[in-house]
1. What pairs come up if the first residue lies in the stretch 252-277 and is among the hydroxyl-bearing types (Ser, Thr, Tyr), the second is assigned to a helix (DSSP H, G or I) and modelled with pLDDT of 85 or more, and their beta carbons are under 7 Å apart, counting only those six or more places apart or on different chains?
2. Just name the residue that is nearest to residue 89 (Cα to Cα) out of those in the stretch 336-347 that are surrounded by 16 or more Cβ atoms within 10 Å (Cβ to Cβ) and not small (Gly, Ala, Ser).
3. Scanning for something surrounded by fewer than 16 Cβ atoms within 10 Å (Cβ to Cβ) and out of contact with any Gly (no Cβ under 9 Å at 6 or more places or on another chain), does the stretch 595-602 turn up at least one residue?
4. Which count do you get for residues in the stretch 366-387 that are at positive phi and assigned to a loop (DSSP other than H, G, I, E, B)?
5. Name the single residue that is farthest from residue 539 (Cα to Cα) among those in the stretch 351-365 being assigned to a loop (DSSP other than H, G, I, E, B) and touching a residue at least 24 places away in the same chain (Cβ under 8 Å).
6. What are the pairs with Cβ atoms under 6 angstrom where one residue, in the stretch 61-88, is in contact (Cβ under 8 Å) with a residue 40 or more places away in the chain and the other, located anywhere, is of a type in the set (A, V, I, L, M, F, W, C) and in a helix (DSSP H, G or I)? Sequence gap at least six, or different chains.
7. It is to be established whether one or more residues within the stretch 628-646 are closer than 24 Å to residue 752 by Cβ and outside any helix (DSSP H, G or I).
8. How many residues are under 17 Å from residue 4 (Cα atoms) and buried (at least 17 other Cβ atoms within 10 Å of the Cβ) if we restrict to the stretch 158-171?
Amino acid sequence: MISQSEAFNKIFNGAVTRYGKLTYHNKETGSKDCTEIKHQIIPMASHLEGKDYLGRSPVNEKTQMVEWLGCDIDLYLEPEDICSKIFELIGTKYFCFMTLNKKWRVLEFLDTPIHVEEAHKKAKQLQEDIKNKLKIELDEASTCPTVPNQEGDCGRWFFLPYGNGHDYCYSPNGTKLNLQQFIFRHKYRNHPIIVAGVGIGGGGKDGSRGNHLYYCELYKKHYEECDVLLEDINRNYGVPLDDRKFAQEEKHVIKSVNKDNYNKEYYLNGEPGWIKATCGYRPCLDAKSFVAISNAIIDNHIYAQSRTDFYEIDTKEFKSKEQINDWWKHTKPKNTNGKTMPMSSVLLELPDLIKVRSYLTHAGLNPGVIQITKGLVKGMKNGDYLNIYEDPEVIPNADTPWKRFDEYYSWLLGPDNWHIEKQRLAFQLNAKTEINNWGIKIQWFSIWHSKVQGVGKGLFAQLVQSMFGYPNVAPNVKFKQMIGPHTTIIEGKQIIFLNEVVLEHNTAKTKTLSNEFKDLITEPNLFINPKNKPQIEIPNLANFYVHSNSDTPLYIEDDDRRAFVINIKHAKQLVTYMLNDESYKEDILKVIEDPSGFKHHLLNDITYDYKMFFEDAPFTEDKQELIESNKGDFQQEMEARFENEEFPFGDHKEYKGGGMSKELVFDYKYNGLVSLLDLKRILKRSEEFKEIFFQINDITSFLKSKNTKWANGDDTRQAVLPDGKKKRVYNMHPVCVDGSHLVDKTEGELGEIYTKKTEVPF
């Protein structure tokens with residue numbers, strides 16, 4: 001270990017063969033006299049011992065290189081006032097010294113030597129900054145170094161500190177630092193959080209020494225090049241913690257920092273506030289500090305052009321420009337030209353910031369920035385994209401128990417249904433292989449529904465999330481969240497579970513909502529609507545499960561191809577017995593906690609033909625039951641009458657009253673043509689439909705499901721009646737009684753046919 005004298009000499013390295021020496025000083029007037037000693041090495045030990053008061057030029061005579069520079073403030077100022085302003089307005093790396101005459105000198109120590117001409121310019125710039133920012137007048141000739149007039153000279157020199165009772169370095173809050181503290185501060189001058197604690201006493205505005213130790217340890221966590229020891233930091237406090245207290249604090253601090261998951265960006269954002277809490281003043285960030293901040297930000301962010309947002313890698317969240325700007329506003333960010341700008345604008349100017357066209361969630365591709373080539377992902381242009389999918393951490397392990405879990409769901413769903421679900425899970429686990437086939441987006445979804453609650457649907461969702469990775473699975477999404485106007489739930493999700501799906505009893509609305517959802521199954525791309533953002537188109541790669549305790553969770557039509565339906569019909573008592581008395585729930589929870597065994601089973605024991613996921617969903621009797629239950633009384637009644645050619649799809653006379661008072665209400669003649677509004681009126685007048693609830697939307701849905709489209713592909717066509725009135729009519733039975741086809745008729749002929757429909761106007 002080098003001595004303080006050696007360390008001090010190294011700090012103030014400069015002229016080798018000459019130095020200055022004080023020969024006279026009047027404390028009252030401040031006048032002094034000195035002489036230049038040539039051809040001798042400066043006796044630094046004598047200076048520090050107080051035997052001589054020496055001065056030195058920072059310029060090496062032979063190389064003309066400089067390692068420190070500064071300027072004088074020839075004013076009497078209070079230590080706290082001047083030191084705090086330099087710290088707050090000029091920068092943390094600058095040192096304030098009280099001179100022999102109790103005035104001030106500001107020095108900067110360089111990391112690498114520079115030529116004297118450049119050093120002189122830097123000193124003049126420092127002088128100008130102090131003048132403008134502190135609003136004080138300076139001696140224009142007080143900068144050091146000056147450029148030597150002749151070869152071998154070293155120009156102007158400064159008296160060195162610590163050679164008398166007044167010439168000390170001071171901390172930002174005006175605390176006098178001893179030589180040890182000054183040397184320590186110099187060593188760590190590029191580490192503002194460490195500098196802030198030098199000389200603090202631990203009380204009042206000096207801040208907590210325990211907190212400061214924590215800040216420093218957190219700093220070390222992100223700046224491994226900083227080799228400072230906590231005991232050295234403590235040793236250089238104004239009032240160090242005693243050995244016992246320090247040992248307690250050190251243990252606590254190290255434990256806390258190891259536990260806290262704060263990233264570098266978090267530290268840099270908090271650093272100015274922590275420095276202020278330590279020394280009482282918020283630091284001015286110099287260019288080097290700001291480079292550290294901007295580098296930390298761009299290391300942790302990727303700019304997505306489609307959203308005009310920044311993706312934060314650590315949190316896996318998108319941050320808007322406004323959020324970035326607000327978070328870093330206190331740093332007063334500047335671009336490369338020194339112009340103050342919002343942080344988002346500064347970042348966008350930096351060439352090292354990674355920018356991508358858009359983003360996706362693709363389990364078949366590596367997470368992070370990827371290049372999409374033509375045909376790799378349907379509907380996506382060539383370019384750089386961000387894949388926000390995360391590889392699951394679960395490693396398959398054949399030795400981990402899983403069979404009791406498998407037994408329960410085989411019993412719950414039925415062996416055949418459970419096997420299909422396991423094939424589906426295996427397919428999704430093999431996404432990186434399956435991308436080479438037809439892709440990873442399954443063209444159908446699963447519906448699990450039961451009247452009994454607590455059968456294990458939610459436990460299954462938890463298992464899937466545990467096995468596929470928590471960020472990749474949404475285990476409990478409400479239906480309205482998925483189809484809402486501002487949904488972004490699909491972002492980052494490989495699998496989505498819609499829970500407790502029960503739609504309205506309004507058949508038409510239920511059908512509309514169901515179809516909106518089913519579009520999510522097959523559409524290659526989706527438009528999502530983040531709040532306060534324009535629509536964003538992203539690839540639709542999520543796969544879906546629907547869980548419900550309703551008999552009719554979704555509207556499923558006769559020709560549906562997208563729903564794999566499982567109706568769990570076990571009684572509540574039996575389910576409770578299986579889960580609790582037979583202890584299946586306990587085993588299920590163990591597999592959720594560690595799904596590695598089940599994952600091994602899926603990857604090694606389950607085979608499938610990948611084509612099954614791109615064809616129609618497997619058909620089950622449960623699906624047919626759901627289709628029938630979806631229809632409702634009106635639809636079922638209309639289907640039966642249509643099949644049997646009964647009213648309103650056959651002739652029908654209806655009377656009011658009985659016996660001699662019987663009165664004909666209408667004589668309905670059916671000719672294959674149906675007007676929606678007229679049909680509604682006659683059904684409302686018919687006693688046969690009096691007890692059946694229906695709305696016009698129900699009639700429309702039925703007619704569209706059964707009609708024969710006209711030649712132009714429309715559901716309805718105009719018929720012109722003999723009186724000139726016009727009606728839109730459906731073609732329900734295309735062949736007329738005489739064998740002709742309605743599709744071949746003119747509008748007038750259709751009108752003639754339609755007027756024979758009933759003898760009683762309605």
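The values are calculated or read from the model by the stated rules, or taken from the named source; none is laboratory data. Note that this is a predicted model, so its numbers are computed, not measured. Neighbour counts are summed over all protein chains in view; Cβ atoms, including those assigned to glycine, are modelled from backbone coordinates with ideal geometry.
1. 256/214; 262/218; 267/218; 267/219; 267/222
2. 341
3. no
4. 2
5. 352
6. As it stands, the answer is 64/116; 66/116; 66/119; 69/119; 69/123; 71/123; 71/126; 85/134, since those pairs meet every condition given.
7. The answer is yes; a qualifying residue exists.
8. Number satisfying all stated conditions: 7.
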